[in-house]
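Q: What follows is a structure written as structure tokens; I'll ask about it next.
Every read-out reported here was derived from the displayed coordinates using simple, explicitly stated rules and does not represent laboratory data. Since the structure is predicted, the reported quantities are computational estimates derived from the model, not experimental observations. Don't worry about glycine lacking a Cβ; one is built from the backbone with ideal geometry, like all the others, and counts go over all protein chains shown.
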Amino acid sequence: MRLVVRLQPVRQGLVWAKWMLFAAGVAMLAYFGFVVMEAWTFQNREQHDLARLLDDRQQADQTGRQTKSLASEGNPPAAAIDGLIGRIEISRLGLSTIVMEGTTPTILRRAAGHIPGTAFPGQPGNVGISGHRDTLFRPLRNIRMNDTITLTTLSGEYRYRVVSTKVVSPREVGVLASGPNEVLTLVTCYPFYFVGPAPYRFIVRAERVGNKS
């Protein structure tokens, strides 16, 4: 008995598989391009808005028309236009990104997010800021002790010094616990090069130094 294998259907299946994989690759590249462009456009727009608002505040200071901020009255400073908090910078790492209020997927796709329920810069307590490890917070993999982190808000400029880093479980929410001192906690996923949802969180802890600018 002779076994006959028809190769035509097999070849057709391989051709279809090749084109499906190609289409999937193109779709992933297109989505990545969309995310990068969306974040770039959003960052530029919010940077422009922040610069304008800071300039308005400076002019108000010079003419003596500045009113008391909510922070000076003991209340959380209000977010600016569309939830804009300010800008976070770590000069040594080349990290500079807008910070928005909230940690929804849309916000974290475009910016770093101020974690709701945590303190605001200038208040006693723990300022929590989250960002994606594969985009805006990727430079954190090279953070060092004593690095300076600067938060620029409409209430002023605040500087923090890195005092510790650690890796924790996503369930370890104690890293955001508040206290009497002014501290900053940065949160991102870990490992940095993990493919898929990362199983841990990388935590950067910093303490306030100096006075508000």
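Q: Taking the convex hull of the alpha carbon atoms in region 151-213, what volume per residue do you get, in Å³? Mind dumping the intermediate values first?
A: Values: hull volume 6.9 nm³, N = 63.
Taking the convex hull of the Cα positions in region 151-213, it is 109 Å³ per residue.
Q: Determine, for Thr41, Thr188, Thr148, the number of other Cβ atoms within 10 Å of each Cβ, and report the residues in order from fewest to most.
A: Details: Thr41 11, Thr188 24, Thr148 15.
Starting with the residue having the fewest Cβ neighbours, the order is Thr41, Thr148, Thr188.
Q: How much of the DSSP beta bridge set in region 126-202 is antiparallel, as a percent to the nearest 5? Walk me through the intermediate numbers first.
A: Numbers: 11 of 16 bridges.
Beta bridges within region 126-202, antiparallel portion: roughly 70 percent.
Q: Rank-order 118-127, 155-164 by packing density, defined as the average count of other C-beta atoms within 10 Å over each peptide's residues, highest first. Write out the running numbers ahead of the final one.
A: Numbers: 118-127: 19.9, 155-164: 18.2.
Listed from highest to lowest mean packing, they are 118-127, 155-164.
Q: Please tell me the relative contact order of region 44-209 in percent, rounded to the nearest whole number, where contacts are Cα pairs under 8 Å and at least six residues apart. Numbers along the way, then the final one.
A: On the way: 331 pairs, mean separation 32.1, N = 166.
Reported relative contact order: 19 percent.
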